[in-house]
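Report on the following structure.
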Amino acid sequence: MSQEVERVYTVNLGKVLLSPDNQRAKRAINMVKEFARHHMKTEQVKIEEDVSHLLWSRGIKHPPRKIRVRMTKTDDGYVLISKYEGEEPIGKEEKKVEPENVKPEPISEPEAKPESEAKPELEAEPEAKPELEAEPAAKSKPAAKSKPAAKSKPAAKSKPAAKSKPKN
């Protein structure tokens, strides 16, 4: 066993919610240990302080639903469970930076050409307004028709029900 075996797992802690709320964080610790014993096939398990703090961060009653951990089987024969800090947060940060860089570019272009672009925009706006006016007129007619039909149906259902109760 000169090699250390290292694996990354996501431990689902959803069943912690089945235990009483004043014992959930304790149960979460035990579930992580059981998971490590099962998957790493050894009985000796040690949890790093960071993982413990992560499980207890919201108190004993509200542990996280799942946790991402790195399990390392050492030469001494025990499994060390540590918090996994992988590539996922880095990828998310890069995605956030890219849209911010794209937005300022279109803003600078209209400022550079205000004379030539301002006139076509003014012409486009009057065309858009008649379209908007035509749409509400078309929408109002079906809306008016549907309201009386909707009122008549519940009234018809309620009258027979009221008559049948006194007869019985």
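Coordinate-derived values only; no laboratory data. Quick caveat: nothing in here was measured; it's all calculated off a predicted structure. Here the Cβ is made from the backbone with ideal geometry for all residues, glycine too, and neighbour counts use every protein chain on show.
Key figures for this structure:
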{"read-out": "Positions within segment 39-62 being basic (Lys, Arg) and either farther than 20 Å from residue 76 by Cβ or free of Cβ contacts under 8 Å to residues at least 12 places away in the same chain (or both), in sequence order", "value": "41, 58, 61"}
{"read-out": "Among (1) touching a strand residue (DSSP E or B) at 6+ places or on another chain (Cβ under 8 Å); (2) in a helix (DSSP H, G or I), the one test that residue 15 misses", "value": "(1)"}
{"read-out": "Test set (1) of a type in the set (Lys, Arg); (2) within 10 Å of residue 81 (Cβ to Cβ); (3) assigned to a helix (DSSP H, G or I) - residue 70 fails condition number", "value": "(3)"}
{"read-out": "Which listed residue, of 67, 29, is in contact with a strand residue (DSSP E or B) (Cβ under 6 Å, 6 or more places away or on another chain), surrounded by 14 or more Cβ atoms within 10 Å (Cβ to Cβ) and free of Cβ contacts under 8 Å to residues at least 60 places away in the same chain", "value": "67"}
